[in-house]
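Here's the structure, in structure tokens; my notes come after.
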Amino acid sequence: MCLTCGVELLERETAVAALAEAGEAAAGGAGRLVAISGEPGIGKTALVRRFAGDLAGCRVLFGTCDDLSIPRPLGPFRDLAGGVSGELEDALAGDAAAHDIQDLLIAELERPPRPVVLVLEDVHWADDATLDSITVLGRRISALPALLVITYRSGEAPPGHPLYGALGAVRQDDLVLVELAPLSRAAVGELAGDDGDTVYAATGGNPFYVTELLASRDAEEPPPSVAKAVVARVSRLDDRARGLVELVSVVPNRVRTDVLDGVLPGWAAAAEEPERRQLLELDGAYVRFRHELARNAVLSSLPALSRRRLHAAVLTALLAANADPADIVHHAEAAADEEVVSQYALVAARRAAALESNRESYFHYRRAADFAGRLSELEQADLLEELAAAAYLVGRLDEAFSAIEAAIVIHRKLGDQAALGRCTRVLSRLHWFVGDGAPARAKALEAITILEPLGDSIELARACSGVAQLAMLADDGDEAVRWGERALALATNLGDESTRAHALVNIGCARVQMDPGDVRSLLGAHTLADAAGEREDATRALGNLGYVFMSWALPAEALHYAEQALEYAASHEVHTYVSYVRTARAWLLLRGGDWDEAERITHSELERGITVVQLLAKTVLAELAVRRGDDDARERVADLAAHADRAAEPQRLMPVIELMSELALTGEDDFPAGRIDALAEGMRAGGGLRGRFAARLAGWAGVAGEDTRIELEPTGAAGPYGAMARRDWREAADRFGAIGWRHDRALMLSRLDDEAALTEALQTARHLGAEPLTRRVAARMRELDMRVPRGPRRITRANPAGLTARQVEVLALISEGLTNAEIAERLVVSQRTAEHHVAAVLAKLGAATRRDAARRAAELALLDSS
């Protein structure tokens, strides 16, 4: 197989070499994912097609994402028809389940002749199901004899775009990133000759712009813009050819030839001139513009009425061909044909939902809701329930609330108690997810009240399991087990494996919350959920186990199960709980001293709005702010306290007490005695003051000098919090040290009057960058007439370069001549994190080298000695 291009693309040698190297690896059975990015017109398609055109002895498959108002689910994979196995074609045509299609795609990449090159273009427009499939293929690509090449416009995939999540899931060794830059002035001069400077100034070196301007040089007056260059070329076509070009321009990306047959019979004869003028190209069963920018230029030149007329003509052909409903809705919208939109928006929504294209299904449901008045009341209620589910999945929780509440109104009017109970249970879940504990519990019990008179049912079983879950989350173990066992009995009698799995996970979680040694039932629930195909509950079991072990101050076990949960979720493409588990893992890293990595992970999981995931992320960031002594630490804790009070769960309230207590220990704040008492009373009223949070509450009450009359069970008494409750600060420090929680150990050592203990606490605090603890320990040593050891160079937060405290510390190490690996070792962070910090420091200082950075630090007096 030849993997080098016979004719070089101008200034693309590095990109071609990267593709060739990845292709060679794929030929050896170690596949790669190559992501090619750049601005529109930069030559991504030209590069890929030249590379693919020069390959021999392998299969090349092309798929393209469309710039539809709402993308087609799995759109680029549907383009593969005719080049893949019949089984995959049937699955795509029949809207098979997303995981089945993904399995068939993997099998397709293993099918000879090998290697297989799969090219997916314009993935910045990809739907959720396509991005999920890219994630699946990317994770497995190293074991496949295949090359997966994707192209995207970096400007249309801003930070936070889900595409980066898909790329982030790929192992770094298996991922090749190629960013194409504009042509240099010299390269443009090669192409344009004497006009090189003029063309470069007008185009900035964008290859497409350069090509279009050079192609229009034979016009009497060269057009002043690229858009005019394209339109000028179109204006020189005859009427029929121009009509074809205008028709193709209203179809995003490309148009099927059978659609052209229906709209413009005999179109092939009119295509010759546009093809010769390099406006259009025939690509199998499609006709497309050579470049999307040219299509947009032609489209924008058309009067609004002409565009609407052309969309209507395409719509007629699509309806006759029974085309993809997403395509039909797109052109119906553009043709202002509300009748067709009303008929197909709901069809498109349900199809996208079935394929797990969640964003697309949500937007289609929203559009379908505009025409809800045309449906019967029962159909309206069904639509609203489905819209609520779609909105929940994409994080549009306000709309989810509105939709489910509107469905409840209709079901109540129709007297459908079963549906009313179902929707009330969903409403409870939404309240919990946004952190409203009291309404969540009230609605869960209301669902039971509605459903019980109707007799045994699956919905009643689910409602009982929902109450069990809320009781478990409130650390009311006995109540959780009671409701869980009722749900389990109902589900078993009715043959509902899904609810059985859900109930067993709730029961298992409740038991391990009361006793960390009782893991068998929760692991058994994980196994059962996995066997039943309930991947979310199987993931939840492992993730909860990790979180509970962390609450018990057993970080090694916590990390073990958190990693298992993430591995399981990755293997089975479960996204629901992944963000929560990653954030909990970041909390473990913070407690272990890797503050930078904890902060990076947490920020990557934090999104707008308050949900349980954001609440956990706020907890981690508040703890980090308190320990670093950030200016906004108290503001963060106050915000966290407000949200924790709304959630009204010990797992939310206990961290607030701990952070307020730390502020009291290291500053001038008062201990949160009232909160300690309130939580103790609340836990007693909710089923007993037992388990993990009883131990922690007793520990911090001991620090505050409060007596909560908590009798600890053996596990709690034996841990660090039990030692805190007994006010045995040295034992507490030793137990925290044994599990690697360095800041917690130093905090306990700071309670002692022993010089060696205080010296260790000071050294640890300085090393971590824990300024409040550093000040407290130094002050105590002075109070006790002890010598305060000199610390390393003092780093200041306020500096002319705008560096953070950690960045100033990194700059000090750069100035000492340390390598990235040595900096990573000194700061106890990963080498990648160290590299990130060094790059950020150089960028802020405007320094090209480390030596320049050290010189700038000296000029600005950023590093003081003390």
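Residue-by-condition table, conditions (1) charged (D, E, K, R); (2) at pLDDT below 75; (3) assigned to a helix (DSSP H, G or I):
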{"residue": "ASN799", "(1), (2), (3)": "no, yes, no"}
{"residue": "LEU803", "(1), (2), (3)": "no, yes, no"}
{"residue": "VAL808", "(1), (2), (3)": "no, no, yes"}
{"residue": "ALA812", "(1), (2), (3)": "no, no, yes"}
{"residue": "ILE823", "(1), (2), (3)": "no, no, yes"}
{"residue": "ARG826", "(1), (2), (3)": "yes, no, yes"}
{"residue": "ARG832", "(1), (2), (3)": "yes, yes, yes"}
{"residue": "VAL841", "(1), (2), (3)": "no, no, yes"}
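Could you go through the stretch 245-253 and let me know if any residue there is in contact (Cβ under 8 Å) with a residue 60 or more places away in the chain, farther than 24 Å from SER184 by Cα, touching a helix residue (DSSP H, G or I) at 6+ places or on another chain (Cβ under 8 Å) and open to solvent by 20 Å² or more (accessible area, probe 1.4 Å). Looking for residues that are in contact (Cβ under 8 Å) with a residue 60 or more places away in the chain, farther than 24 Å from SER184 by Cα, touching a helix residue (DSSP H, G or I) at 6+ places or on another chain (Cβ under 8 Å) and open to solvent by 20 Å² or more (accessible area, probe 1.4 Å), one finds at least one in the stretch 245-253, hence yes. Selection of the stretch 313-364 for residues being hydroxyl-bearing (Ser, Thr, Tyr) and either open to solvent by 60 Å² or more (accessible area, probe 1.4 Å) or part of a helix (DSSP H, G or I) (or both) yields THR316, SER342, TYR344, SER361, TYR362.
Elements of the type helices (runs of 4 or more DSSP H) sitting completely within the stretch 711-761 and holding at least 1 residues that are open to solvent by 20 Å² or more (accessible area, probe 1.4 Å) and acidic (Asp, Glu): these cover 729-738. Annotation: of all residues in the stretch 399-413 being of a type in the set (A, V, I, L, M) and in contact with a helix residue (DSSP H, G or I) (Cβ under 6 Å, 6 or more places away or on another chain), the one that is farthest from GLU649 (Cα to Cα) is ILE410. Out of the stretch 685-694, which residues are on the phi < 0 side of the Ramachandran plot and either modelled with pLDDT under 85 or in a loop (DSSP other than H, G, I, E, B) (or both)? Of everything in the stretch 685-694, those that are on the phi < 0 side of the Ramachandran plot and either modelled with pLDDT under 85 or in a loop (DSSP other than H, G, I, E, B) (or both) turn out to be ALA685, GLY686, LEU689, ARG690.
Applying a threshold of 7 Å to beta carbon distances and a minimum spacing of six or more residues, or different chains, the list of pairs starting in the stretch 509-535 at a residue that is under 22 Å from ASP476 (Cβ atoms) and without any contact (Cβ under 8 Å) to a residue 60 or more places away in the chain and ending at one that is of a type outside the set (S, T, N, Q) and surrounded by fewer than 17 Cβ atoms within 10 Å (Cβ to Cβ) reads ARG511/ASP518; VAL512/ASP518. A single member of GLY674, GLY629, GLY691, GLY686 is open to solvent by 10 Å² or more (accessible area, probe 1.4 Å), over 26 Å from LEU768 (Cβ atoms) and in contact (Cβ under 8 Å) with a residue 60 or more places away in the chain, and it is GLY686.
Going residue by residue through the stretch 696-708, is there one that turns out to be among the β-branched types (Val, Ile, Thr), in a helix (DSSP H, G or I) and closer than 27 Å to ARG441 by Cα? Within the stretch 696-708, none of the residues are among the β-branched types (Val, Ile, Thr), in a helix (DSSP H, G or I) and closer than 27 Å to ARG441 by Cα. Scanning the stretch 75-115 for residues that are crowded, with 17+ Cβ neighbours inside 10 Å and among the polar types (S, T, N, Q) yields one hit, GLN102. Going residue by residue through the stretch 587-607, is there one that turns out to be of a type outside the set (A, V, I, L, M) and farther than 25 Å from ARG628 by Cβ? No, that holds for no residue. Inspection of the stretch 480-499 identifies no residue that is acidic (Asp, Glu), in contact (Cβ under 8 Å) with a residue 40 or more places away in the chain and out of contact with any strand residue (DSSP E or B) (no Cβ under 7 Å at 6 or more places or on another chain).
Within the stretch 281-309, the set of residues being open to solvent by 40 Å² or more (accessible area, probe 1.4 Å) and polar (S, T, N, Q) comprises ASN296, SER300, SER301. Evaluating ASP476 against the criteria (1) open to solvent by less than 50 Å² (accessible area, probe 1.4 Å); (2) within 30 Å of the chain's Cα centre (by Cα) leaves one unmet condition, (2).
For the stretch 590-612, the candidate set comprises residues that are surrounded by fewer than 22 Cβ atoms within 10 Å (Cβ to Cβ) and in contact with a Phe, Trp or Tyr (Cβ under 9 Å, 6 or more places away or on another chain); within that set, the residue that is modelled with the lowest pLDDT is GLU605.
The residue of the stretch 430-478 that is nearest to GLN651 (Cα to Cα), among those that are modelled with pLDDT under 95 and of a type in the set (D, E, K, R), is ASP475.
Just checking: which of the helices (runs of 4 or more DSSP H) contained wholly in the stretch 1-93 hold 2 or more residues that are closer than 18 Å to VAL116 by Cβ and touching a residue at least 24 places away in the same chain (Cβ under 8 Å)? Hits in the stretch 1-93: 13-27, 44-53, 75-78.
Among the residues of the stretch 367-385, the one identified as closer than 15 Å to PRO325 by Cβ and open to solvent by 50 Å² or more (accessible area, probe 1.4 Å) is ARG367. Being of a type in the set (S, T, N, Q) and over 16 Å from GLU108 (Cα atoms) is the filter; apply it to the stretch 136-167 and report the residue that is least open to solvent (accessible area, probe 1.4 Å). The extreme case among them is THR151. ALA848 fulfils the conditions (1) at pLDDT 75 or above; (2) open to solvent by 70 Å² or more (accessible area, probe 1.4 Å); (3) not acidic (Asp, Glu) except for a single criterion, (1).
For beta carbons closer than 7 Å, sequence separation of 6+ or different chains, a first residue in the stretch 297-309 that is polar (S, T, N, Q) and a second that is at pLDDT below 95, the qualifying pairs are SER300/ALA227; SER301/VAL231.
Do you know which of the residues in the stretch 392-406 that are assigned to a helix (DSSP H, G or I) and charged (D, E, K, R) is surrounded by the fewest Cβ atoms within 10 Å (Cβ to Cβ)? Among those residues, the one meeting the criterion is ASP398. The combined condition, being open to solvent by 30 Å² or more (accessible area, probe 1.4 Å) and either at pLDDT 75 or above or not in a helix (DSSP H, G or I) (or both), is fulfilled by ARG766.
The residue pairs whose first member lies in the stretch 706-726 and is modelled with pLDDT under 85, whose second member is of a type in the set (Asp, Glu), and whose beta carbons are closer than 9 Å, counting only pairs six or more residues apart or on different chains, are THR708/ASP677; GLU713/ASP515; THR715/ASP515.
This table checks each residue for (1) open to solvent by 30 Å² or more (accessible area, probe 1.4 Å); (2) touching a Ser or Thr at 6+ places or on another chain (Cβ under 8 Å); (3) of a type outside the set (Asp, Glu); (4) within 22 Å of MET683 (Cα to Cα).
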{"site": "ASP416", "(1), (2), (3), (4)": "yes, no, no, no"}
{"site": "ALA419", "(1), (2), (3), (4)": "no, no, yes, no"}
{"site": "THR424", "(1), (2), (3), (4)": "no, no, yes, no"}
{"site": "LEU430", "(1), (2), (3), (4)": "no, no, yes, no"}
{"site": "CYS464", "(1), (2), (3), (4)": "no, no, yes, yes"}
{"site": "ALA471", "(1), (2), (3), (4)": "no, no, yes, yes"}
{"site": "ARG482", "(1), (2), (3), (4)": "yes, no, yes, yes"}
{"site": "ASN506", "(1), (2), (3), (4)": "no, yes, yes, yes"}
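The values are calculated or read from the model by the stated rules, or taken from the named source; none is laboratory data. The structure presented is a predicted model; accordingly, all values stated were derived computationally and were not measured. Cβ: placed from backbone, ideal geometry, glycine included. Neighbour counts: every protein chain shown. In case anyone asks, the SASA skips ligands and DNA or RNA and just uses the protein heavy atoms, side chains included. Shrake-Rupley method; radii C 1.70, N 1.55, O 1.52, S 1.80 Å.
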